[in-house]
1. In nm, to one decimal, how far is the modelled label at residue 616 from the one at residue 385, with both set 7 Å along Cα→Cβ?
2. Set the Förster radius R0 to 60 Å, insert the Cβ-Cβ distance between residue 280 and residue 422 as r into 1/(1 + (r/R0)^6), and round the FRET efficiency to 0.05.
3. Nearest 500 deg cm²/dmol is fine: what mean residue ellipticity at 222 nm does the chain get from its DSSP H runs of n ≥ 4 alone, each adding -39,500 (n - 2.57), divided by its residue count?
4. To the nearest 10 degrees, how steep is helix 57-73 against the longest Cα principal axis of the chain, on a 0 to 90 scale?
5. At what distance in nm do the modelled label points of residue 558 and residue 840 sit from each other, each positioned 7 Å from its Cα along Cα→Cβ?
6. Would you mind checking the tilt of helix 530-542 against the longest principal axis of the Cα atoms of the chain, expressed as 0 to 90 degrees and rounded to 10?
7. Fully extended, how many nm does the chain gain between residue 85 and residue 179 (0.36 nm per residue separation, minus their Cα-Cα distance)?
8. How would 616, 667 line up from fewest to most surrounding beta-carbon atoms within 10 angstrom?
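No lab work stands behind these numbers, since they all come straight from the coordinates. Bear in mind the structure is a predicted one, so any value in this text is a computation, not a measurement. With ideal geometry, Cβ positions are generated from the backbone for all residues, glycine too; neighbour counts draw on all protein chains shown.
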């Protein structure tokens, strides 16, 4: 009889191999079907049994029957009271019923009491009663005691093994589950579908690929290959290991597919970066009429977010609402993230506002949405509101608000956030520190960025990339290159490192260093990354090797707008306007639509090559064909184009008709045109606009002085010089540099501290004497200095670009191109000197100033006077 009761109690467990057994314990609510006369008799027994000194054998049987009947009724209280009165006469099957009821009611206290009675009265715990005790303790949450009893009994019932394995996995102790499975294997206990489903989940979490493959073999041998839940768990495991093909093969071979299987396929594809495939499975699922649940829709929304499919994401949201599957914090957060990533800020805001419950993830998602939407101030305000509602910001929140400060150039607010981080001891959080560095770099405060970097105890590659990129962005290439060398002592550079360091090489025109990095990129296989390819092309453009830049451009399989624009800008910088126009047209024919930056580059190219007709055509198409409203830089290019080609009156009228206020730089382009075409009257008119906007700007005073000097208006020149002395305006310090054998040699105008200063001075004197002997009149009027002619002539020899060119001639092998970079625009005298040196020495000189490239060869320059 005890075995019969044990069996019926056991079958109530969902872990049993025969869930459809009809001998399950009756529901505790079924007591309403018993006759009232019987329940009255049982109540009398409770009262009478306490007064009896001795219980007959028949009475003991009757008590046991009564306890079991109470258990059937679910009346744990009366059953326990009767047990307390007749402890010594309790039968094993009665104890089994009581323990089962304690397990079902999750009454650990009563279960412990029953266990105590069993122990104190010397009852033998056989495998049936032991199994009941194990189940009771585990089901009541005392896994430790349940495991102890389990270890002390001999039990080959697989449901108990499954129970313990499942409970251990639920609390995250996957290794204990694996240990139990291994013991099962050694004892020869064959697992069932629950066993394999559980252990596969454990192996997936632990990353045990080989063990999972062995289980896969066992599943097929034991005939579980058609069990949907087992194959679903196996599919999930293979996806976890990144073995997508194996998962797809299993799915294709499975005849009976449940919603769990479809969910595994959708989720697995999305988690492995195959979002489009996941969506295809979802559509197949709908077409086949498979029932969808909440676990289906969440990964579908994630897939829509990953590929930016707003229409399908919105449709999925609507489907969830109609089918009653929407709602729930996790699903709402997923929706919020999807709308954020798809750029639909309004929908993201609506989801957030309608959420009945929010958590830190919700706030992070909406803040990120505001940052993506360019609403940086609103994101910062949300940060303050979140704190006022009692939420403690985590790493993700802090990085979001720091990014908002970075993109909004809010240095002061960024410092406030940094102080908050210090007060809350979050400085050691590496992502937060990296975000702080990025914020300071974007706000132009490299000193503070460097301070954060130096305080990070253990830096990762993101830290190094951020600080290197910050120095490159802030036009401090030397510091970036130095850090790049330091970084390589600890980390192997990655794609992002290349993108960060190549602009530094481009900024310094460090061709040799750039070539060295190019070699590393090829060896490491980084050229396949489109951003690396673009940075490499840009580096060669700015180092003066346009031919190699074009070659790399042609080798790049996927050409995006940035790469096309880079080449258009490159041809423009080098004075090849026709080639820039051709490249722009090829870009359009390739189906790449130009944007604002593209038009800036092509208009710049037209202005530096005198292509007036083409310039007007591009400017008009920008507005009429592409509906892009021109900005100040586009108007500036048109003014520069008109001014350089001598259309000074048209340029002035164009400025006056502009819908936006011109700045000093735009007026300065017209002033440069006045110098080229010797229009002193208009120059004076234009200069007044400039000095009103920027009264302390040096370059425009120099430019006007040169205009007066060329026109030999000495009276006006002296007045301007008095004005300059009165205001204390100083000429910008010019410097030039040249890379020879990987080392940079920097020259400052008039400086004599270089080790080869005497050799350089001697060469320049000889060259100037040669110029004079050939009847060339040095253009001393370009210099804004009020000294005698002898001193002016000495100063002209001291111009930094001339020093750098002379150093290159002296130190580079014959035939090597002399490549010089200057921080300011080249002056007129040095421009003429560059042409003269290229002719006399038969050397090609490539000089990059702050505006463009000058290729000096055989006594002429590639700019053709448009500089």
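1. 5.2
2. My answer for the efficiency is 0.75.
3. It lands at -21000 deg cm²/dmol.
4. Rounded to the nearest ten degrees, it is 30.
5. Placing both labels 7 Å along Cα→Cβ, they lie 5.4 nm apart.
6. So the inclination is approximately 10 degrees.
7. On the way: separation 94, 0.36 × 94 = 33.84 nm, distance 4.24 nm.
Extra length available between residue 85 and residue 179 comes to 29.6 nm.
8. Going from sparsest to densest Cβ surroundings: 616, 667.
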